Amino acid sequence: MRCLEMSRLRSAMLKAKRAEVEMVETATPKRKRTKTAVKEEESTNASSPSTHHTFHDPADVVLLRSQLLDWYDKEKRELPWRTLAVTESDLNIRTYAVWVSEIMLQQTQVATVIDYYNKWMKRWPTVQDLAATTLEEVNQMWAGLGYYSRGKRLHEGAQKVVSELEGQMPRTVDSLLKQLPGVGRYTAAAVGSIALGQVTGAVDGNLIRVLCRLRAIGADSTSPAVTQALWSLANTLVDPERPGDFNQAMMELGARVCSPKGPQCSQCPIRSHCHSFRKVHVKQEKNCRKLLGKQDRKPSMPPDIEDCMNSGTCPLCPSEPWDDELGVQNFPRKPAKKPPRVERTLTCVVIRPGERGEGEFLLTQRPSKGLLAGLWEFPSLLLEEKSSEMKQKRALCAQISEILGTHLTESLLQYVGEVVHIFSHIHQTYMVHSVCVKDADTHTQTEKVQWLSRSALQEAAVSTGVKKIVKLYDSVDAEKEQTSKDGKRQKHAATKNDKKPQASKKPKLSAADGGSRQLSLSSFFNTVKQEA
């Protein structure tokens, strides 16, 4: 009885709302639309996404949420930032901790981030701790993680929170987006949902792939139409009771099941909702019928129920034909990547004797902006195509001479080898040379120049490329040392042999070989004939 009353009340409210809308529409005089307006509306309708790419049944959405979260509760990985997000009662620390994890996870694998995250949170457990440290210490902690501007932005953000926001982390998605440097739409949504419980979808690379496959979205995933559709889908699907868990479950699914290559569709908890999965089965059934000679002979086939009805004009459908070999990997279709820029850099390992007999390396600091901002490196010079290598070696020597306050010539540089290091957009080759200098001429130490021992270098804020160069230098140096030792041994052995000369023993020859005389080829065959 009570349900019936509620139903009647809801029906009455809907009728009243419709009546109110009709009254407004009647009261507002209708203006005649221009031809241009009509054309624009027709164009918009023609290019609007089909319902094939959305979830139009609320029951499907509820079921998908339940299936995904049940799977996540059983299969999720225990990660330090997830544990902290659940166990930390202090909202400020929780928001800070999730923010740090999301910045670290940008374009970096989970397995790589775990160790860095644990060390970071142990050293700077609060936003105040991070704000009080130096950028040099942040860079040192970040060394090897890549995309170094991320650490710098975290540091800048922490200082802003302390100095401008009274030490309080932003409390909404919108304020996270506006107030923290380096925080984009996804990061703000992820932190907002996971740390603050805000009901919002969060679209990262994993989500793009999962959603595109779920709703058969095959257009360029970076296009405005696809971006808008994906965010709309994410906001439709997110569970209002567990928004943070739902977003993490979608990310987990994309990372472990719905992967870029070799997706494990049989293990997917939401495959019953996946248009791509269904499409693969439809295609497989058609191919089987063709192979078995059971092809439908009707003159006209009805449209495939698994395809978008507006595929000719839909901005979310792929422009390229379906590829049977790709299967669900037909979605999404990514634009071809631009090839990385090729660069060659002349670099020199400058080394001097250290206090404890250990060699010390000369390092210079990179500019505060741009690639590898603020990190330390060996004196380097970007090679220019039009300039000769000798001329550029001379320029590098001049640069080192200016730093040291002494004079070096290019003839002193010893070639070590080449090191290749791939950045996201640069294919870098380091042409490595080395030079040893006297301690008396190398007392230079400024804010931008320092001498570091081998152990200190490993702990310093240096890039992976620099560590590769050190490894190459060590291996070549070890080879030279071994060669030198071997040469001394051989010389020593030769001296001993000179003292006691011995007649060289010749191998004994058989009778067939003509005794002690070596046979010619013709004699050999004659001998064989005689024996036969």
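Only the coordinates and a few stated rules stand behind these numbers; no lab work does. Keep in mind the model is a prediction, meaning the values are calculated, not measured. Ideal geometry is used to build each Cβ from the backbone, glycine not excepted, and the neighbour counts take in all protein chains shown.
Details
- Equivalent ellipsoid, the range 153-209 (semi-axes from 5 times Cα gyration tensor eigenvalues, Å): 22, 13, 7
- Formal net charge of residues neighbouring V226 (Cβ-Cβ distance under 15 Å; K, R +1; D, E -1): +3
- Relative contact order of the range 52-284, defined on C-alpha pairs under 8 angstrom at six or more residues apart (%): 22
- Charge dipole of the range 197-248 about the Cα centre (unit charges at C-beta), most positive-ward option of A234, G218, L207: G218
- With R₀ set to 56 Å, the beta-carbon distance separating T108 from L292 gives a calculated FRET efficiency near 0.70.
- Entries of K152/K467; K76/K261; K290/K334; K76/K467; K122/K160 with Cα pairs more than 24 Å apart: K290/K334; K76/K467
- Potential lengthening of the chain between R77 and E241 amounts to 56.9 nm, from the contour at 0.36 nm per residue minus the alpha-carbon distance.
- Order of R271, R185, R213 - criterion: other Cβ atoms within 10 Å of each residue's Cβ, fewest first: R185, R271, R213
- Taking the average, over residues, of other Cβ atoms within 10 Å as the packing measure, peptides 377-385, 216-224, 404-412 rank 216-224, 377-385, 404-412 from highest down.
- Each label point was placed 7 Å from the Cα along the Cα-to-Cβ direction; for W322 and D115 their separation is 4.6 nm.
- Modelled spin labels at K337 and T483, positioned 7 Å past Cα toward Cβ, are 3.7 nm from each other.
- Distance from the Cα centroid of the range 390-405 to that of the range 195-268 is 53 Å (rounded to whole angstrom).
- Local electrostatic count, L452, Cβ distance below 12 Å [Lys/Arg +1, Asp/Glu -1]: -2
- Rounded to the nearest whole Hz, the Karplus-based 3J(HN,Hα) values (6.51 cos²θ - 1.76 cosθ + 1.60, θ = phi - 60°) of the range 314-325 follow the sequence 5, x, 9, 7, x, 7, 8, x, 5, 10, 4, 5, with x at glycine and proline.
- Counting every pair of alpha carbons in the range 341-475, the share spaced more than 26 Å apart comes to 17 percent.
- Relative exposure of Y117, Y147, judged by other C-beta atoms within 10 Å (fewest first): Y147, Y117
- Estimated at 0.36 nm per residue, the fully extended path between D174 and L412 surpasses their Cα-Cα distance by 79.8 nm.
- Placing dummy labels 7 Å off each Cα toward the beta-carbon, the span from E459 to S368 is 2.6 nm.
- Using R0 = 60 Å, the C-beta based FRET efficiency linking H56 and V449 works out to 0.40.
- Computing FRET efficiency as 1/(1 + (r/R0)^6) for Q267 and D70, where r is the C-beta to C-beta distance and R0 is 22 Å, gives about 0.95.
- Cβ-placed point charges (K, R +1; D, E -1), dipole of the range 52-284 about Cα centre in debye, nearest 20: 820
- Relative exposure of K468, K74, K334, judged by other C-beta atoms within 10 Å (fewest first): K74, K334, K468
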